[in-house]
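FYI, it's all coordinate maths here, none of it is from the lab. Computed from a predicted structure; not experimentally measured. For neighbour counting, all protein chains shown are included, and Cβ atoms are generated from backbone atoms with ideal geometry for every residue, glycine included.
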Amino acid sequence: MLYCIEREKDIRVEKAVRFRGERSRRGIATKEMDRYSRQRLVREIGEEGQNRIRRASVLVVGLGGLGSPAALYLAAAGIGTLGLADGDRVETSNLQRQVIHRTGDEGVPKTESAKRTVASLNPDVRIRTYPHFLERGTVDAVLARYDIAVSATDTLHSKLMLSDACVRTKTPCVHAGVSGVEGQIMTYVPGSACYRCAFDFDGRSSAGIPGEATPGGTLGVTAGVAGTLQAAEALKFLCGFGSLLRNRLLLFDVSEMDFRTMKLQRRSGCSCGASGVS
Ligand SMILES: [Zn+2]
C-alpha cells in the first residue's frame, strides 16, 4: 500500500516535471521561431535552410574589421557553432572598424570580447575560441571541425597559410581583403581556384590588382561591406543557393560604388590542382 502511494506520488511528480519540460521546450521553440521568422520567409532559406544553418559550424579566422561583421551576422542568422580565432588583444585604434569589440575591451583578448558580444546577440550559438594565431601545425585539426572557414586576417602569411590548409583539408573558405575604400572577396571550394591562384606569393594579384591590405588606412565601412559579404557567401554555401564567388573575384570600391567581378582560373602548378598541398 505504502509502495502504491509512493509510486503514485512519483508518477505525479514525473508528470509535472515532464509538463514543465515540454512547456519550456515549447517556449524555446517559440522563441526560436520568432527570432528567425523573417529569415525563414526568405524563399532561398525556408525551414530547411534554417535547419541547415542551425546544424552548421563556421570558423572565423581573424576578429578584426572583416571578422567582426562576419561573426555578428553569422551569429544573428543562427549558426549552430561558431569558431572564433585570433591571437591579438583589442586596441583603441581597432574600434573604428572592428565592431564586435566595445569601448572598455581594450587589452582584452579579441576572442574573449568577441565571444561576449556574440553571446549577448544570440545565446543559442555554441562558441569555440582559439585565442592564438593558427599555425600550420595545428590549423588542419581545427578546420576538420568546421563546414566552412572565413578568412578574415590581415597578413599575407596568415591568408596563404589558411588557404593552403583549406586546400589540404578540402575545407571551403571565403577570403577577403580590404584597403582604404577598396575590397575583394572570393570563395574557395575544393576544385576551384584557391587564394594562391589569385594572388602571387609577393602579395600582388596575378591580374595586377592590389591584393593585400597594406598597413595604411581602412574606412570602417569598407571592411564592414566585405565581412558582411563573406557571411553571405558562407550562408549561401551552407543553404545551397545562389552562385558563390567560385572562380570569381569580386572587387568593389565604395568611393565610386563600383562592384564588379573578374574570372579566376586555377594556375597551372598551383598545389590546389594536385591532391593537396604538401
Ligand atoms: Zn590554387
- Counting sequence-distant residues (5 or more places) and residues on other chains, those with an amide H built under 5 Å from that of I148 are S57, L59
- Neighbouring Cβ atoms within 10 Å as the yardstick, rank M33, M186, M262, M257 fewest first. M257, M33, M262, M186
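Using a 10 Å cut-off around each Cβ, can you sort C166, C272 from fewest to most neighbouring Cβ atoms?
Values: C166 30, C272 22.
Fewest to most other Cβ atoms nearby, the residues stand as C272, C166.
What is the order of Y188, Y36, fewest Cβ neighbours within 10 Å to most?
Working: Y188 30, Y36 20.
Going from least to most buried by this count: Y36, Y188.
If a/c stays under 1.5 just call it rounded; otherwise compare a/b with b/c (prolate if a/b is bigger, oblate if not). Do that for region 37-273, with a ≥ b ≥ c from the square roots of the Cα gyration tensor eigenvalues. It would help to have the intermediate numbers written out before the result.
Numbers: a/c = 1.32, a/b = 1.13, b/c = 1.17.
Rounded, since a/c falls under 1.5.
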- Query: Amide H to amide H under 5 Å from R89: which residues, 5+ apart in sequence or cross-chain, H placed 1.01 Å off N in plane?
  - Reply: K110
- Would you mind checking K110/K170; K31/K159; K31/K263; K115/K263 for any pair whose Cα atoms are more than 32 angstrom apart? K31/K159; K31/K263; K115/K263
- Item | For region 101-112, Karplus couplings with θ = phi - 60° (6.51, -1.76, 1.60), whole Hz, Gly/Pro x | 9, 10, 4, x, 8, 3, x, 8, x, 4, 5, 6
